[in-house]
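All remarks here apply to the structure that follows.
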Amino acid sequence: MGLFDKLFQGNKITLVSPVNGEIVPITQVKDDTFAQEMVGKGVAIIPSDGKFFAPADGALIALFPTGHAFCINSTDGAEILVHIGIDTVKLGGEHYAIHAKQGDTVKKGDLIVEVDLEGVKNAGYDIITPMIVSNHSKFSGFEKKSGKVAVGDAAIVLSK
């Protein structure tokens with residue numbers, strides 16, 4: 001890697017997949033707020049297991065008591081929302097086990113929430129998981145990954 005590549009790489013922020021699964025276009029989310037990127041730009045992940053981890057280092061600024069969603073302000077300045085399933089707030093926390101607390105400083109890969117995906121699906125809810133950057137306009141570039149991912153694989157790459 002040359003000096004130029006090292007410098008250029010320093011202007012990139014990689015947000016990793018919070019869960020094992022498959023990244024699909026955000027337009028596949030059956031909720032216009034997410035599908036039309038009204039909250040921010042992002043990707044959707046169809047999870048293959050129920051362990052959800054921090055996609056970046058930062059502060060866990062919001063963790064809903066129901067466990068269905070959490071927000072991280074990354075140390076790199078990205079404001080990230082991970083919303084586990086659609087309309088899953090209506091479950092009142094059933095099928096969700098929280099492993100962190102609002103206000104925690106988290107590291108990329110820290111376990112935040114564990115979900116019984118089969119229980120959520122059996123209750124009639126879609127488990128597709130939007131991961132949104134609400135302050136995307138702060139960044140000059142926004143690259144969405146797609147396809148199969150494991151926890152820790154790049155999902156979104158931002159340019160400063």
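How do the strands (runs of 3 or more DSSP E) wholly within segment 18-80 filter down when requiring 2 or more residues that are touching a Gly at 6+ places or on another chain (Cβ under 6 Å) and more than 17 Å from LYS145 (Cα to Cα): which remain?
69-74
Test of understanding: among ALA62, ALA78, which residue is surrounded by fewer than 16 Cβ atoms within 10 Å (Cβ to Cβ), closer than 24 Å to ASP32 by Cβ and in contact with a strand residue (DSSP E or B) (Cβ under 7 Å, 6 or more places away or on another chain)?
ALA62
From the set of residues in segment 105-133 that are among the polar types (S, T, N, Q) and out of contact with any Phe, Trp or Tyr (no Cβ under 8 Å at 6 or more places or on another chain), which is surrounded by the most Cβ atoms within 10 Å (Cβ to Cβ)? Spell out how you get there, then give the answer.
The first filter runs over segment 105-133 and keeps only residues among the polar types (S, T, N, Q), leaving 105, 122, 129.
Filter once more, keeping what is out of contact with any Phe, Trp or Tyr (no Cβ under 8 Å at 6 or more places or on another chain): 105, 122.
Details: THR105: 12, ASN122: 10.
Here the answer is THR105.
So is GLU118 part of a loop (DSSP other than H, G, I, E, B) and more than 20 Å from GLU37 (Cα to Cα) or not?
On the way: part of a loop (DSSP other than H, G, I, E, B): no; more than 20 Å from GLU37 (Cα to Cα): yes.
Considered against the rule, which asks whether it is part of a loop (DSSP other than H, G, I, E, B) and more than 20 Å from GLU37 (Cα to Cα), GLU118 comes out as no.
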Restricting the first residue to segment 134-147 and requiring it to be surrounded by 12 or more Cβ atoms within 10 Å (Cβ to Cβ), which pairs with a second residue that is of a type in the set (Phe, Trp, Tyr) and not in a helix (DSSP H, G or I) meet a Cβ separation below 6 Å and a spacing of at least six or different chains? HIS136/PHE142
Count of segment 74-132 residues which are small (Gly, Ala, Ser), in contact with a helix residue (DSSP H, G or I) (Cβ under 9 Å, 6 or more places away or on another chain) and within 17 Å of PRO55 (Cβ to Cβ): 3
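With closer than 24 Å to ASN122 by Cα and either in contact with a Cys (Cβ under 8 Å, 6 or more places away or on another chain) or at pLDDT 95 or above (or both) as the only criterion, which of VAL16, VAL24 stands out?
Values: VAL16 fails: closer than 24 Å to ASN122 by Cα.
Step by step, each of VAL16, VAL24 is checked, and only VAL24 is closer than 24 Å to ASN122 by Cα and either in contact with a Cys (Cβ under 8 Å, 6 or more places away or on another chain) or at pLDDT 95 or above (or both).
Working only within segment 75-84, note down all residues that are within 12 Å of the chain's Cα centre (by Cα) and either over 11 Å from MET131 (Cα atoms) or of a type in the set (S, T, N, Q) (or both).
Here is the first cut: in segment 75-84, the ones within 12 Å of the chain's Cα centre (by Cα) are 78-84.
Matches in segment 75-84: ALA78 only.
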When ILE86 is evaluated against the numbered criteria (1) assigned to a loop (DSSP other than H, G, I, E, B); (2) over 18 Å from GLN28 (Cβ atoms), which criterion, by number, is the only one it fails? (2)
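The values are calculated or read from the model by the stated rules, or taken from the named source; none is laboratory data. All values reported here derive from a predicted model rather than from experimental measurement. Reconstructed Cβ throughout: ideal geometry from the backbone, glycine too, with neighbour counts over all protein chains shown.
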